[in-house]
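Asker: Structure incoming, see below.
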Amino acid sequence: MCGIVGYLGSKQAYPILISGLRRLEYRGYDSAGVALIDGDVLRIHKCQGKVSDLEAHVNGHPATGTLGIGHTRWATHGPPNDVNAHPHQATSGDLALIHNGIIENYAPIKEELLQRGHVFRSDTDTEVLVHLIDDIQRAEGVELGEAVRLALTNVVGAYAIVVIDRKDPDTMVAARRSSPLVIGIGESEGEYFLASDATPIVEHTRNVVYMEDGEIAIINRRSGLRLRTMKNQEKTPFIHELEMHLEALEKGGYDHFMLREI
Ligand code: GLU
């Protein structure tokens, strides 16, 4: 279970995602990637290796946009390589999704989607989820948050996911079951952060919402944060104030957190 970072606001997302992914490096990982939406353009950069390899890979290519998601992968389904790195996309190319965890029933879902003409690129369980969301979005004509909710009612497993949609550059949708996800409420209007723990968020804001199991967060620049259950009930976000300080997160000159602890 590795790292997730997300940003929606008025600043450029890429540097925020990269520094967030660096803060999550202590969890261990084998590949890294980002997806950015700038206007109606969705760009994905991903590769096997470290966050520094990702930066080298992106160097010289456009990485603009004020909405973005970033991921560090610890491979469970499919070897560590560029194609299996997250974010993943569906056939239409509108959605980008990152996932920590395991989709246990990915095989029967994949079989059904293959029969309906979906083309898969990676070996991951994760890619099945983005195709399923895309399929439901098209078939039902529903907005992204509802498509994610409907898709997850078919899914068995552990996950923290974040999805963005090229057709809706103002929205980021997240969901979790048995894998942590924290939302940061930015200091400026319409600014939000997402991460698999608070370490990438604390330098930006102290106000966080810890998502609970079975919750879906629909985060929009204008309408703000809405939380729903898998059964489609509205929930009121509970905002915690973080007491963690940035210095406590730094490694204090040591190469590893464990060395500092010793
Ligand atoms: N099961 C997914 C994969 O193998 C996600 C692994 C993770 O948590 O990083 O790509």
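Asker: For region 114-142, which positions are open to solvent by 60 Å² or more (accessible area, probe 1.4 Å) and either free of Cβ contacts under 8 Å to residues at least 12 places away in the same chain or within 16 Å of the ligand (Cβ to nearest atom) (or both)?
Answerer: Listed by number, the residues that qualify are LEU114, GLN115, ARG121, ASP123, ALA139, GLU140, GLY141.
Asker: Inspect all residues belonging to region 41-49 and state whether any of them is assigned to a loop (DSSP other than H, G, I, E, B) and open to solvent by 30 Å² or more (accessible area, probe 1.4 Å).
Answerer: The answer is no; no qualifying residue exists.
Asker: Restricting attention to region 80-113, report how many residues are touching a strand residue (DSSP E or B) at 6+ places or on another chain (Cβ under 9 Å), more than 12 Å from GLU127 (Cα to Cα) and open to solvent by 60 Å² or more (accessible area, probe 1.4 Å).
Answerer: 2
Asker: Could you tell me how many of the residues in region 75-103 are away from the ligand (no atom under 11 Å from the Cβ) and either polar (S, T, N, Q) or not in a strand (DSSP E or B) (or both)?
Answerer: Residues flagged as away from the ligand (no atom under 11 Å from the Cβ) and either polar (S, T, N, Q) or not in a strand (DSSP E or B) (or both) within region 75-103 amount to 7.
Asker: Just name the residue that is surrounded by the most Cβ atoms within 10 Å (Cβ to Cβ) out of those in region 143-165 that are farther than 30 Å from VAL202 by Cβ and charged (D, E, K, R).
Answerer: Checked region 143-165; the qualifying residue surrounded by the most Cβ atoms within 10 Å (Cβ to Cβ) is GLU146.
Asker: Separate question: Looking only at region 16-37, which residues are open to solvent by 10 Å² or more (accessible area, probe 1.4 Å), of a type in the set (Gly, Ala, Ser) and on the phi < 0 side of the Ramachandran plot?
Answerer: Result: SER19, single match.
Asker: Out of the residues in region 68-98 meeting the condition of being among the aliphatic types (A, V, I, L, M) and touching a helix residue (DSSP H, G or I) at 6+ places or on another chain (Cβ under 6 Å), tell me which one is farthest from VAL128 (Cα to Cα).
Answerer: Ranking the qualifying residues of region 68-98, first place goes to LEU95.
The values are calculated or read from the model by the stated rules, or taken from the named source; none is laboratory data. Given the structure is predicted, the values throughout are model-derived calculations rather than measurements. When we count neighbours, we look across all protein chains shown, and the Cβ atoms used for this are built from the backbone with ideal geometry, even at glycine. The protein model used for the area step is the full one, side chains on, heavy atoms only, and it has no ligands, DNA or RNA in it. Shrake-Rupley method; radii C 1.70, N 1.55, O 1.52, S 1.80 Å.
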